[in-house]
Amino acid sequence: MQFTSEQRLEEGVLEREFTLGEIPGTLWTPESAAPAPLILMAHNNGLPKNQPRLVARARITAACGYAVASIDAAGCGDRPRSAADEQARAELRRAMRAGEQVDGIFESFIGPLVEKAAPEWRTTLDALLALPGIGGPVGYSGWMALGIRLAAADPRIAAAGFFAGGYVPHAQREEARQITIPLLMLLQWDDEGNPRQRALDLFDAFGTKEKTLHANLGGHTGTPWFELEDGNRFFDRHLK
């Protein structure tokens with residue numbers, strides 16, 4: 001892991017850009033002598049790590065005493081996309097504009113994204129936990145499809161906060177039954193791209209005995225900011 005830039009923010013947070021092989025990422029750490037618990041923070045469906053809402057969440061969370069990391073995994077952000085990825089994205093946009101059924105397109109698009117992204121996130125986690133000032137346990141916050149895969153596959157992840165937005169492939173819906181860690185799921189009740197009943201069925205499928213659902217009125221990007229405060233309290237209970 002090589003750090004390529006850094007800046008100190010007003011909140012008492014150090015923000016550093018890094019590369020790990022071909023993986024670009026950002027790490028936010030609090031100015032504290034004690035090792036900080038780590039939260040992996042992922043945006044969904046290939047949006048970049050510097051997406052403003054993600055950066056704002058990361059900075060606030062780091063100011064609360066956490067190390068926070070985000071990466072652009074394969075096919076995400078500015079990283080190259082295959083011709084098949086671009087074709088799937090174009091077909092998805094066309095079908096949504098036409099009001100057509102998009103489940104099959106989502107499956108062929110999101111499934112490969114998860115398969116490519118999960119190994120890079122786990123490689124990044126290995127490197128992050130080797131850094132001074134970062135300790136366990138580890139939390140995950142963000143894109144549900146990827147988070148389900150990571151939480152099911154990596155025992156180092158001790159708690160997860162999921163955003164119920166976008167499509168969750170069949171493979172991850174089955175993996176949800178394997179998850180036994182505490183989780184918090186956020187649902188936007190009027191999410192235009194996420195059928196409400198499908199999200200509720202997925203919440204019911206999670207295998208953990210400690211799961212909480214927060215539902216708020218509004219569309220996909222309307223999650224209230226107070227949910228960030230509640231999310232940090234959730235991680236405080238399970239990571240500190």
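The values are calculated or read from the model by the stated rules, or taken from the named source; none is laboratory data. Because the structure is predicted, anything quoted here is derived from the model rather than measured. Here the Cβ positions follow ideal geometry from the backbone for every residue, glycine too, while neighbour counts run over all protein chains shown.
Of note:
- Enumeration of residues in the range 77-95 that are among the hydrophobic types (A, V, I, L, M, F, W, C) and exposed (fewer than 14 other Cβ atoms within 10 Å of the Cβ): Ala83, Ala84, Ala90
- In the set Asp103, Asp78, Asp85, only one residue is at pLDDT below 80 and farther than 24 Å from Phe162 by Cβ; that residue is Asp78.
- Matching residues in the range 68-111 - criterion: being among the hydroxyl-bearing types (Ser, Thr, Tyr) and free of Cβ contacts under 8 Å to residues at least 24 places away in the same chain: Ser82, Ser108
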